[in-house]
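Throughout, read-outs are computed from the coordinates displayed, never taken from laboratory work. None of these values were measured; they are calculated from a predicted model. Every residue, glycine among them, receives a Cβ derived from its backbone with ideal geometry; neighbour counts consider all protein chains shown.
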6 protein chains.
Amino acid sequence: MIKERVKTGITGLDELIEGGLIPRSLNLLTGTAGTGKTLMSSQFIYNGLKDYDQSAVYVSFEEPIEAIKENRLSFGWDFTPYEKKEKVVFVRYDPFHVEDIYELIETNVKKLGAERVVIDSVSALGLYVRDTPEIRRMIFNVAFLLRKLSCTTLLISEILPMQESLSRFGVEEFVSDGVIVLYYNKVGSQFSRSLTVWKMRNSDHSNKIHPYKITSKGITVYSKEEAYVK
Amino acid sequence: MIKERVKTGITGLDELIEGGLIPRSLNLLTGTAGTGKTLMSSQFIYNGLKDYDQSAVYVSFEEPIEAIKENRLSFGWDFTPYEKKEKVVFVRYDPFHVEDIYELIETNVKKLGAERVVIDSVSALGLYVRDTPEIRRMIFNVAFLLRKLSCTTLLISEILPMQESLSRFGVEEFVSDGVIVLYYNKVGSQFSRSLTVWKMRNSDHSNKIHPYKITSKGITVYSKEEAYVK
Amino acid sequence: MIKERVKTGITGLDELIEGGLIPRSLNLLTGTAGTGKTLMSSQFIYNGLKDYDQSAVYVSFEEPIEAIKENRLSFGWDFTPYEKKEKVVFVRYDPFHVEDIYELIETNVKKLGAERVVIDSVSALGLYVRDTPEIRRMIFNVAFLLRKLSCTTLLISEILPMQESLSRFGVEEFVSDGVIVLYYNKVGSQFSRSLTVWKMRNSDHSNKIHPYKITSKGITVYSKEEAYVK
Amino acid sequence: MIKERVKTGITGLDELIEGGLIPRSLNLLTGTAGTGKTLMSSQFIYNGLKDYDQSAVYVSFEEPIEAIKENRLSFGWDFTPYEKKEKVVFVRYDPFHVEDIYELIETNVKKLGAERVVIDSVSALGLYVRDTPEIRRMIFNVAFLLRKLSCTTLLISEILPMQESLSRFGVEEFVSDGVIVLYYNKVGSQFSRSLTVWKMRNSDHSNKIHPYKITSKGITVYSKEEAYVK
Amino acid sequence: MIKERVKTGITGLDELIEGGLIPRSLNLLTGTAGTGKTLMSSQFIYNGLKDYDQSAVYVSFEEPIEAIKENRLSFGWDFTPYEKKEKVVFVRYDPFHVEDIYELIETNVKKLGAERVVIDSVSALGLYVRDTPEIRRMIFNVAFLLRKLSCTTLLISEILPMQESLSRFGVEEFVSDGVIVLYYNKVGSQFSRSLTVWKMRNSDHSNKIHPYKITSKGITVYSKEEAYVK
Amino acid sequence: MIKERVKTGITGLDELIEGGLIPRSLNLLTGTAGTGKTLMSSQFIYNGLKDYDQSAVYVSFEEPIEAIKENRLSFGWDFTPYEKKEKVVFVRYDPFHVEDIYELIETNVKKLGAERVVIDSVSALGLYVRDTPEIRRMIFNVAFLLRKLSCTTLLISEILPMQESLSRFGVEEFVSDGVIVLYYNKVGSQFSRSLTVWKMRNSDHSNKIHPYKITSKGITVYSKEEAYVK
């Protein structure tokens, strides 16, 4: 299997996937609202900047960029110095002009020589488009572009509660090399968080469901514990 | 995490969300008919006027405005003095001319310098529109406008019984920073009320299900008790 | 809460809702075929005529009017004297010309000074219309008109067996102040009847499920007993 | 309640409905393929001819008419003498020219002075029509015509296995005064037959589920026994 | 009931249906992929040729004709001599020119004086057609033609796994006199085969679920054993 | 049954199907993302090259061809020497020009005299096409072509999690002689892999569910063990 790995630096996660993500792979990060997909993604970017000197592009549709950066400060993650050094850029795209997204990604990745990319979210690409095949075509093209650019990418997918599928449009997992599923599940009278590595092409990976927590240091995955999901 | 908070003043609720809502956040209040979403929202507005000197705009589609104001008197909440001082305004929008809603919100918020806004309901925005992407576009634009206006907002979403999703159009939770779910659930031969804070971006929050009651003083959440939902 | 009430006079029902319906409210009476919605509604009308001197309009699409009146005689309810005194009128509308219903309602309510109205059924309004937003628009307009006319109204909604929703078009409970749900449920090898008050805006109400029976004196609700529904 | 009854003459069935069907009522006979709806209907017709001197019209879309008549001989029911005396007529309609059905029914009912009518089946009316509101309109019109003609009618509705609804188009039970449901249900490793009277307007009726059998004498309902259905 | 029977000659099956199929009846043979519908149908044809001197037409869309014939040799069924004597013909139809199927059937049935017909499959008729009413019309017409030609027919219907209905288009069981359902069901860690006679117009039939096996002699039904299906 | 077999060479798999696949048959390999369909298919191809001297064509839409070849090296499978000898070719097709696929397949199969073919995946053929009958037509034509070319083929079908069907478009199993289903199933707090041979036309086959593992030597099926699937 593949030795070289792109470490997420997220406690417990790299242990589940033989040390990190496959270089230049597309990885779907899928879960309902409130599972911490944005948090995990910015942690992946921040760790890359701080510990591995990897430039990054964060493409956001949902949360305002200032909000993301500001809020990450409370975890002790300050993106501003890296922005100044042109090591990271947060770009926001207009969901009504998604046709511009290819150029947006390509320009920024090339400019920074980015090795890590986050698309937050791939689901939003299609929310305002009427035609499912059209949406799938866009997702396919984004995936194609990101492979061409040799980035290690997290594609965020927001699914609906109780939806059993891995994605909104049924094509996201098709174009991805890896799929990580985040659960927010009711057990008795409370909800708890857990995740599983559903798929990791050309790699061994845990096939268990592991609990994770959101702490003051970001996301921590308990790679040695198991969680039960209905 | 974020220290400054917008207190709802609803007994028990603020304790679940580190003291209150995030300033300038959009919060989805979702539940079926009869869960008390309108009551909770007007309580949020009234407490803001009375205890925090925060002006407010209440945008209603469902219940006639006179009815809302009159009925709140029985809880001891008299909005009339605040209306006279131009601290609060209740506006009703015509569901067949939803295109006017942007101006309606912007004008009123600016006029009063409103810090609290209620949209009752975001679901009604789309009930008479044929085209789902069109509805989502409207919801997205309303959310965008409210962020721009720096209001702390409750977006009411009325879902159907037994529907497992968080919203009618699958986009409301996307554009929201927080999601509070109200349950009206059959246990044996009777129904009972409970709620959970599903999501609260950039904030810790309870992940339990808590019972709440409608009393002569409004809604009371039992933040130390837990409820079971099927 | 609101003191003044419009008594249904149906044994056991008024006790569940603090003495009666809210004056000038719209109340959805929802259930499958065979639950006795028409019977309960005509009992509401008859009691109003006999005991509270309240004029009434009964708008029917389903059962022929002569049949309704004739069949009620077996319960000892004779509408004819009240018809002669112009205290009650039964009107039948043509489901293929539902656009006339607004005038039909307004004219009759004004002519009689009616305080009680039954629409039997709001579901039938839309059965022959192709376009769901169009149907919802009609239901919204009927509700708007009835509020304007200050009537206390029962809107009958016929739902399909095993359908978990409260109405056919998902908007009826939106425009209603109250919702009463009638169950016809299989327990072991037989079916039994029960009801719950799902919602009653600005009012306390029982949140239990109560059995009811159809007897020679009409519907009797067992307000002190509880029933179990799957 | 109503004293005069139209006896079906089917063993056990009349006992469940206070002695028989309501005169001039529309009754939906609903069940999946293989429950014996055609058999029960022809038994209703035959008993009317033999024991109550009531003329009848049987409108068939499904089984060829010669087949129906011939096959009933094995139960000892010979329709030929009644056909010759113009007491009964079996008519077949072309599912692709359903617009002719109104005239077909009216002409034949008037010619024979028919008091009993079977429509086998109302579901077939709509199988080849594209437009659901159009189908419902047709069913409504057939029901309206049959009421006008003062016939006691069985409308056969064939539903799909595991379908929980009472009819194919969701309007058949709306226009009917009575609904009888036939079950063909798997219990362990075998299927068994049972029925329930779901609704019988202006009449008491059993609300239990009763087993029935197909014997050499036709259908026999066990009115004193109960059956369990999943 | 009907004495004359068309024996299938399949071990155990005729015993379930009073000795065989009803002459000139249409029988739906329904089940998922892999249940052995094609095998059972060719066994029906072969037995007719060998033991009852009944000519046959086998209309195939799915498996190539040469493959069917060749593969049946391993069961000891050699169709070639019968083909030479013009007692049987296997015809393949082009799913994109289904409009030719009427002539294809009629010509061949008349030429051979065929008494047994297999349509493998009626589902395939509609797979490439866009319009459900159009498909149903075709199925209805095929059924009508086969009745006119006085053939005893097996109509094969391939349904999807876990689909609870009896057919793909919801009309096949409507036009059929008999319905035989083949199950391929998971019990614990393995799948097993069983069948039930769901409906057999004008005939008694077993209402149990019976196991069957595919052996070197074809299909064997265990008419005295019972099987359990989830 | 058929003696001659095309051995997959996958440990444990051939034992389930009387020694191998039927020569010149179409076999559907169906499962969700992450079940190892691509791995199993390339193992089938590699074993054919190495042990049976059978040329092969691998048609890929999903994973880039260089990636497939490179990644297989870690299992000790080196395709390069075979490519040089023109014994194998990996071709990638453009999902937006699927109309070219017929020529692509035919040309390559003929050029190499290929006996083994993999289509990875047949699902991708239709993801970007709007019209279901159009997709089915394409799948039918691909199947027809592959039969004509006398290849033993694996058609990969990627289904959605929790989807109970065997394929995306409901026609793939129709045109296939064999169906192998790969499960990725949650048991308690972890996922495990198992497979079943659902259908194998003209062949005996195991009807059990067997566990399989992905090891450093490729896929190993435990033909003597059984697995439980919900």
The protein assembly as shown: translational diffusion in µm²/s, Stokes-Einstein, Kirkwood Rh over Cα pairs, 20 °C, 1.002 mPa s: 61 µm²/s
Taking amide H positions as placed in the peptide plane 1.01 Å from N, state which residues far from A:TRP198 in sequence (5 or more) or on other chains have amide H under 5 Å from it. A:VAL179, A:ILE180, A:VAL181
Which of E:VAL98, E:VAL175, E:VAL187 fluctuates most in a GNM of chain E (C-alpha springs under 10 Å)? That residue is E:VAL187
Karplus 3J(HN,Hα) series, Hz, for the stretch C:62-78 with 6.51 cos²θ - 1.76 cosθ + 1.60 (x for Gly, Pro): 7, 7, x, 4, 4, 4, 4, 4, 4, 5, 6, 4, 5, 9, x, 9, 9
Share of alpha-carbon pairs per 5 Å distance bin for the stretch B:1-85, given as whole %: 3, 12, 23, 26, 19, 13, 4, 1, 0
Over the stretch B:93-142, the quotient of the Cα radius of gyration and 2.2 N^0.38 Å is 1.17
Could you work out the per residue convex hull volume over the alpha carbons of the stretch F:118-159, in cubic angstrom? 59 Å³
Near the amide H of F:GLU63, under 5 Å away, which other amide H atoms are found, from residues 5 or more places off or on another chain, if H is placed in the peptide plane? none
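Find the percent of Cα-Cα distances in chain C that exceed 29 Å, and round it to a whole number.
Working: 5612 of 26335 pairs.
Percentage above 29 Å: 21.
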Largest fluctuation, A:LEU127, A:LEU16, A:LEU39 only, Gaussian network model of chain A with Cα springs under 10 angstrom, belongs to A:LEU127
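Looking at the stretch B:1-109, which GluC sites (Glu not before Pro) are in a loop (DSSP not H, G, I, E or B) and have at most 13 other Cβ atoms within 10 Å? Intermediate results must be reported in sequence, preceding the final value.
Working: sites: B:GLU4, B:GLU15, B:GLU18, B:GLU62, B:GLU66, B:GLU70, B:GLU83, B:GLU86, B:GLU99, B:GLU103, B:GLU106; in loops: B:GLU4, B:GLU18, B:GLU62, B:GLU86.
Sparse-neighbourhood loop GluC sites (Glu not before Pro): B:GLU4, B:GLU86.
Considering only DSSP beta bridges whose two residues both sit in chain E, what percent are antiparallel, to the nearest 5? Present the calculation step by step, with values, prior to reporting the outcome.
Values: 18 of 43 bridges.
Roughly 40 percent of the beta bridges in chain E run antiparallel, per DSSP.
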Quick one: Karplus J couplings for the stretch A:91-106, per residue in order, coefficients 6.51, -1.76, 1.60, θ = phi - 60°, nearest Hz, x for Gly and Pro? 10, 10, 10, 8, x, 8, 10, 5, 5, 7, 5, 4, 5, 4, 5, 4
Fraction of alpha-carbon pairs over 15 Å apart in the stretch B:132-219 - percent: 68 percent
Most fluctuating of E:ASP131, E:ASP120, E:ASP14 in the GNM of chain E (C-alpha, under 10 Å) is E:ASP131
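Rounded to the nearest 500 deg cm²/dmol, what is the calculated helix-only ellipticity per residue at 222 nm for chain D, with -39500 (n - 2.57) per DSSP H run of length n ≥ 4? Each step should come with its number before you reach the end.
Working: 7 runs with 67 residues, N = 230.
Counting only the DSSP helices, I get -8500 deg cm²/dmol.
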Proportion of all alpha-carbon pairs of the stretch A:109-183 beyond 14 Å (%): 61 percent
With the stretch C:44-141 reduced to its Cα atoms and the Debye formula applied, log10 I(q)/I(0) at q = 0.12, 0.14, 0.20 1/Å amounts to -0.41, -0.55, -0.99
Here the correct list, in nm and shortest first, of distances from E:TYR228 to the same site in the other copies, label points 7 Å along Cα→Cβ, is 1.4, 1.4, 2.4, 2.4, 2.8
Per residue of the stretch F:186-196, what does 6.51 cos²θ - 1.76 cosθ + 1.60 with θ = phi - 60° give for ³J(HN,Hα)? Whole Hz please, x for Gly and Pro, Karplus curve as stated. 7, 10, x, 9, 8, 9, 9, 9, 7, 9, 9
Could you list which residues have their amide H under 5 Å from that of D:ILE10, counting only those 5 or more apart in sequence or on another chain, with H placed in the peptide plane? none
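Which value, in nm² and rounded to one decimal, describes the direction-averaged projected area of the C-alpha convex hull of the stretch B:17-63?
Numbers: hull surface 16.3 nm².
Approximately 4.1 nm², given one-decimal rounding.
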Enclosed volume per residue, in Å³, of the convex hull spanned by Cα atoms of the stretch F:187-230: 88 Å³
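Under Stokes-Einstein, with the Kirkwood radius over Cα pairs standing in for Rh, what whole-number D in µm²/s applies to the stretch A:77-213 at 20 °C and 1.002 mPa s?
Numbers: Rh = 16.8 Å.
Estimated via Stokes-Einstein, D reaches 128 µm²/s.
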Percent antiparallel among DSSP beta bridges confined to the protein assembly as shown, rounded to 5, stands at 45 percent
